[in-house]
Amino acid sequence: MGYIVNYEISAFIISIITMTYFLLCPRLKNRQSVLFFAIGIIVTVIPVLNISAIFIDGKGQDIFITAVNMCYQLMLHMLPCVMAFYILELTGKLTGLKYRYIITVAVPYLTVAALICTTPLTDLIFFIKDGYYISGQLMIVVYISYILYAALCVIILLSSAGSVTVKQKYTVIALIVIQLVALSIQFNNNEYQVIDFSAALSLIIMYIAMQSPSEISDPLTKSYNYSALVSILTEYINRKKHFYVLGYSVNELRHVNEVYGELCGNELLLHMSRTLGSAGELARIYGNEFYVIIKGDIPVNKIYEFAESLPKTLHIKNYEIPIGSTRVVLDSVHFQSSEVLIEFMEFTIRESKERGDDKTLIADQELIRKYYRRQQVKAAVTRAVSDNLINMVYQPIVDAYTGEVVAAEALARLTDPVLGPVSPTEFIAVAEQSGLILELGKCVREKVWKLLSEYDIRGAGINHISVNLSSIECVQKTVMEDILREAKCYGVDHRLIAFEVTETAAVASKEILAFNLNMMKTKGFEFHLDDYGTGYSSMSSLISLPFSVIKFDKSIIKLAMEPQRGDLVKHTIGPMHGYGVKIVIEGIETETQAEKGRSWGVDYIQGYLYSEPLPKDAFLEYACIKKIADKQLQTV
């Protein structure tokens with residue numbers, strides 16, 4: 001008997017420790033956690049009941065012994081039933097079950113419960129003789145019930161292959177094996193009552209694998225993490241709960257870490273998490289981004305007032321640290337899935353940052369329409385890349401003093417069968433944000449390679465055709481490798497193509513960019529700095545990167561028509577020439593602007609004064625480019 005009690009005491013200690021951690025540590029407030037709590041209560045209570053039954057066996061009154069054993073049997077055989085519902089919830093199937101199906105799942109337990117409750121009259125499950133507990137003729141039914149629920153759990157797993165992780169799958173299998181082994185031991189030798197102990201082991205395994213705080217909480221702020229947020233949103237949306245989400249992004253967190261130190265940056269995040277957490281369920285999504293789920297029918301203006309009242313500064317040590325932030329509020333009624341809601345929130349936060357004001361943005365129908373427009377453009381880019389629907393136009397670049405065409409810039413255009421013409425500003429930004437830019441860039445380059453392999457541009461006096469590289473492409477080693485393979489495949493002289501890199505990319509990823517550009521320069525490729533004057537590049541950035549041409553953004557010509565401003569541009573161009581860099585000025589629309597550019601000393605001019613971007617055939621005719629007669633490849 002002492003050996004059996006030791007198993008029960010061990011089971012009780014394990015379950016108490018597990019449930020203490022569960023209650024004290026961060027946890028999801030969802031149905032899965034409720035079911036786990038129910039399992040924990042059952043696993044904690046059954047060893048207490050069994051210990052009580054063991055100690056009163058043969059010593060107490062029959063009615064008391066019967067009552068304790070009935071409670072024990074009811075609780076013990078409730079465990080596999082609740083476990084089946086837990087796995088149904090884990091796989092996402094519980095929400096879709098109708099009440100009659102839920103009752104059907106519970107039938108084996110309801111049958112056993114009926115037999116247990118009537119056992120004082122029937123003696124079928126157990127009976128008391130001379131104060132001692134004795135198993136009845138139908139005790140085998142409770143074992144069969146256990147096996148049925150184990151089989152049900154296996155069926156649920158097999159039918160939910162895509163909705164559970166590998167870890168969750170093998171955890172459930174391990175739990176089933178542990179229970180069946182314990183059941184077999186106890187069936188063959190009733191002296192070794194190890195089912196309660198196996199249940200306690202199963203509880204702690206479930207906690208570690210499926211309910212552990214490390215699975216759901218952010219290590220710094222102890223708020224929910226991304227996976228926990230998805231679980232909460234999915235449950236609320238599926239159960240038609242109404243809620244708001246307040247998105248909060250700490251702007252320039254990297255700057256705070258660099259200037260004040262990471263300890264101050266962490267303290268800022270902790271302070272904001274405590275403040276935001278007072279409004280609802282808080283999740284930290286990325287390093288600087290929080291989502292607050294606010295349940296109930298709270299007026300949206302109250303949430304707006306809360307967001308506007310959030311601190312703008314924080315006193316840490318001897319510093320008064322400014323807290324720049326982007327704040328967005330959205331209503332759950334517009335969304336049918338957590339994935340769409342989160343993607344819309346990311347889109348809205350980005351939109352709010354682009355607006356540049358410090359006001360909390362409440363997502364409205366206009367913004368929702370803009371989001372769905374973005375989704376349509378994303379689909380259009382996907383179609384264009386897969387079906388080769390990207391068109392190319394070429395804008396001539398002319399010598400500033402002779403007016404002769406010396407180069408051209410290749411520009412992508414998209415006309416979608418569904419949306420019609422889509423502006424480059426729109427579809428290129430969507431391609432970058434959705435991960436399609438690498439495929440789009442490859443599609444553009446292939447069309448330019450093909451043109452260069454078929455037409456003699458040098459015979460028309462054109463030095464090169466330039467192709468834009470996005471800030472993402474130019475720091476990808478794989479893109480550089482693709483360019484080398486493409487040039488070899490088409491057999492084109494590397495000097496016939498140049499790649500334009502934006503000033504933003506040159507500033508943001510200088511080290512990686514320098515490595516890629518210098519490596520490609522040794523292969524004969526040239527690189528131009530595009531949109532100069534729109535970012536923050538310093539002279540050291542310019543001279544450390546192998547740019548042979550710098551293209552002044554079209555905004556420069558509009559801003560610097562006044563003499564004093566023009567002199568500043570002129571004195572900027574001088575040192576660049578001294579370094580051997582040529583200058584192109586974009587956006588020239590009038591002869592007055594062209595003359596101003598010449599007075600500054602620019603080398604080349606690009607703009608509507610000479611030509612708009614032209615389709616391939618029109619460009620070939622404009623620049624007098626002939627096809628290679630003998631089909632020989634343009635090689636060195």
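The values are calculated or read from the model by the stated rules, or taken from the named source; none is laboratory data. Remember, it's a predicted structure, so these values are computed and weren't measured experimentally. We place every Cβ from the backbone using ideal geometry, glycine too, and count neighbours over all the protein chains shown.
I'm trying to understand the selection: among the residues of segment 95-128, which are under 20 Å from residue 144 (Cα atoms), among the aliphatic types (A, V, I, L, M) and in a loop (DSSP other than H, G, I, E, B)? Before you say what the answer is, go through the steps one by one.
Of all residues in segment 95-128, those under 20 Å from residue 144 (Cα atoms) come to 102-119, 122-127.
Of the ones still in play, those that are also among the aliphatic types (A, V, I, L, M) are 102-103, 105-107, 110, 112-116, 124-125.
Across segment 95-128, the qualifying residues are 124, 125.
Can you tell me which residues in segment 127-142 are without any contact (Cβ under 8 Å) to a residue 12 or more places away in the chain and over 23 Å from residue 81 (Cα atoms)? First the steps, then the outcome.
From segment 127-142, those without any contact (Cβ under 8 Å) to a residue 12 or more places away in the chain are 127, 129, 134, 140; that's our starting set.
Once the filter is applied, which keeps residues that are without any contact (Cβ under 8 Å) to a residue 12 or more places away in the chain and over 23 Å from residue 81 (Cα atoms), segment 127-142 yields 127, 129, 134.
Checking the conditions here, which among 508, 487 is at pLDDT below 95 and within 27 Å of the chain's Cα centre (by Cα)? Spell out the reasoning first.
Values: 487 fails: within 27 Å of the chain's Cα centre (by Cα).
Going through 508, 487 in turn, the sole match is 508.
With the requirement that a residue be at pLDDT below 90, in contact with a strand residue (DSSP E or B) (Cβ under 7 Å, 6 or more places away or on another chain) and among the aliphatic types (A, V, I, L, M), what does segment 185-230 give you?
Once the filter is applied, which keeps residues that are at pLDDT below 90, in contact with a strand residue (DSSP E or B) (Cβ under 7 Å, 6 or more places away or on another chain) and among the aliphatic types (A, V, I, L, M), segment 185-230 yields 216, 228.
Go through segment 59-92 residue by residue and tally those that are in a loop (DSSP other than H, G, I, E, B) and crowded, with 18+ Cβ neighbours inside 10 Å. Walk me through it before giving the result.
Taking segment 59-92 first, the residues in a loop (DSSP other than H, G, I, E, B) are 59-61, 91-92.
Those left that are additionally crowded, with 18+ Cβ neighbours inside 10 Å: 91.
Adding up the residues that qualify gives 1.
Considering only residues of segment 319-358 that are under 21 Å from residue 268 (Cβ atoms) and free of Cβ contacts under 8 Å to residues at least 40 places away in the same chain, which is nearest to the chain's Cα centre (by Cα)? Give the derivation first.
Here is the first cut: in segment 319-358, the residues under 21 Å from residue 268 (Cβ atoms) are 319-328, 349, 352-353, 358.
Now restrict to residues that are free of Cβ contacts under 8 Å to residues at least 40 places away in the same chain: 320, 322, 352, 358.
Numbers: 320: 33, 322: 28, 352: 19, 358: 25 Å.
Within segment 319-358, the match that is nearest to the chain's Cα centre (by Cα) is 352.
Going by what's in this entry, would residue 130 be described as acidic (Asp, Glu) and exposed (fewer than 15 other Cβ atoms within 10 Å of the Cβ)?
Working: acidic (Asp, Glu): yes; exposed (fewer than 15 other Cβ atoms within 10 Å of the Cβ): yes.
The answer is yes for residue 130.
Can you tell me which of 174, 182, 151 is farther than 30 Å from residue 51 by Cβ, among the small types (Gly, Ala, Ser) and at pLDDT 85 or above? Lay out the reasoning, then the answer.
Numbers: 174 fails: farther than 30 Å from residue 51 by Cβ; 182 fails: farther than 30 Å from residue 51 by Cβ.
Exactly one residue qualifies, and that residue is 151.
Pick from 398, 393: which is under 30 Å from residue 461 (Cα atoms) and surrounded by fewer than 20 Cβ atoms within 10 Å (Cβ to Cβ)?
On the way: 398 fails: surrounded by fewer than 20 Cβ atoms within 10 Å (Cβ to Cβ).
So the residue among 398, 393 that is under 30 Å from residue 461 (Cα atoms) and surrounded by fewer than 20 Cβ atoms within 10 Å (Cβ to Cβ) is 393.
A quick yes/no check of all residues on (1) within 24 Å of residue 436 (Cβ to Cβ); (2) over 41 Å from the mean Cα position of the chain (by Cα):
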residue: 386; (1), (2): yes, no
residue: 404; (1), (2): no, yes
residue: 408; (1), (2): no, no
residue: 422; (1), (2): yes, no
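Give segment 181-231 a look and list any residue that's assigned to a helix (DSSP H, G or I), acidic (Asp, Glu) and within 18 Å of the chain's Cα centre (by Cα), or say none. I'd like the intermediate steps shown before the answer.
Step one: filter segment 181-231 for residues assigned to a helix (DSSP H, G or I), giving 181-188, 195-211, 213-216, 226-231.
Add one more test, that the residue is acidic (Asp, Glu), and what stays is 196, 215.
The answer is 215, and nothing else.
Sort out which residues of segment 336-387 are outside any helix (DSSP H, G or I) and either in contact with a Cys (Cβ under 7 Å, 6 or more places away or on another chain) or loosely packed, with under 13 Cβ neighbours inside 10 Å (or both), and write them in order of number.
Of all residues in segment 336-387, those outside any helix (DSSP H, G or I) come to 336-337, 356-364.
Answer for segment 336-387, where residues must be outside any helix (DSSP H, G or I) and either in contact with a Cys (Cβ under 7 Å, 6 or more places away or on another chain) or loosely packed, with under 13 Cβ neighbours inside 10 Å (or both): 336, 356, 357, 359, 364.
Return the residue satisfying two criteria in turn: it lies in segment 490-505 and is assigned to a helix (DSSP H, G or I) and surrounded by 21 or more Cβ atoms within 10 Å (Cβ to Cβ), and of such residues it is farthest from the chain's Cα centre (by Cα).
In this case the residue turns out to be 496.
Identify, from the list 235, 281, 252, 258, the residue that is free of Cβ contacts under 8 Å to residues at least 40 places away in the same chain and in the same structural domain as residue 340 (by TED's automatic domain parsing).
Working: 235 fails: free of Cβ contacts under 8 Å to residues at least 40 places away in the same chain; 281 fails: free of Cβ contacts under 8 Å to residues at least 40 places away in the same chain; 252 fails: free of Cβ contacts under 8 Å to residues at least 40 places away in the same chain.
258 is the lone residue from the list that is free of Cβ contacts under 8 Å to residues at least 40 places away in the same chain and in the same structural domain as residue 340 (by TED's automatic domain parsing).
Among (1) of a type in the set (A, V, I, L, M, F, W, C); (2) over 45 Å from the mean Cα position of the chain (by Cα); (3) within 23 Å of residue 410 (Cα to Cα), which single condition is residue 614 missing?
For residue 614, the failing item is (2).
Name the single residue that is farthest from residue 22 (Cα to Cα) among those in segment 235-255 being touching an Asp or Glu at 6+ places or on another chain (Cβ under 9 Å) and of a type in the set (Val, Ile, Thr).
My answer is 250.
Going through 72, 109 one at a time, which residue ends up being touching a Leu at 6+ places or on another chain (Cβ under 7 Å), within 24 Å of residue 197 (Cβ to Cβ) and among the hydroxyl-bearing types (Ser, Thr, Tyr)?
Working: 109 fails: touching a Leu at 6+ places or on another chain (Cβ under 7 Å).
Just a single option satisfies the conditions, and that option is 72.
For segment 627-636, check the following and say yes or no: at least one residue is within 17 Å of residue 403 (Cβ to Cβ), modelled with pLDDT under 95 and among the hydroxyl-bearing types (Ser, Thr, Tyr). Walk me through it before giving the result.
Here is the first cut: in segment 627-636, the ones within 17 Å of residue 403 (Cβ to Cβ) are none.
Taking every residue of segment 627-636 in turn, none turns out to be within 17 Å of residue 403 (Cβ to Cβ), modelled with pLDDT under 95 and among the hydroxyl-bearing types (Ser, Thr, Tyr).
Could you give every pair whose Cβ atoms fall below 9 Å, whose first residue belongs to segment 64-77 and is assigned by TED's automatic domain parsing to the domain that holds residue 149, and whose second residue is among the charged types (D, E, K, R) and crowded, with 19+ Cβ neighbours inside 10 Å, counting only separations of at least 6 or pairs across chains?
As it stands, the answer is 76/196, since those pairs meet every condition given.
Being more than 20 Å from the chain's Cα centre (by Cα) and closer than 26 Å to residue 256 by Cβ is the requirement here; does residue 308 meet it?
Criteria met by residue 308.
Just for segment 549-598: of the residues that are outside any helix (DSSP H, G or I) and out of contact with any strand residue (DSSP E or B) (no Cβ under 8 Å at 6 or more places or on another chain), which one is nearest to residue 504 (Cα to Cα)?
Residues of segment 549-598 that are outside any helix (DSSP H, G or I), as a first pass: 549-553, 560-562, 579-590.
Then drop every residue that is not out of contact with any strand residue (DSSP E or B) (no Cβ under 8 Å at 6 or more places or on another chain), which leaves 560-562, 579, 587, 589-590.
Working: 560: 21, 561: 25, 562: 27, 579: 22, 587: 19, 589: 25, 590: 28 Å.
The residue in question is 587.
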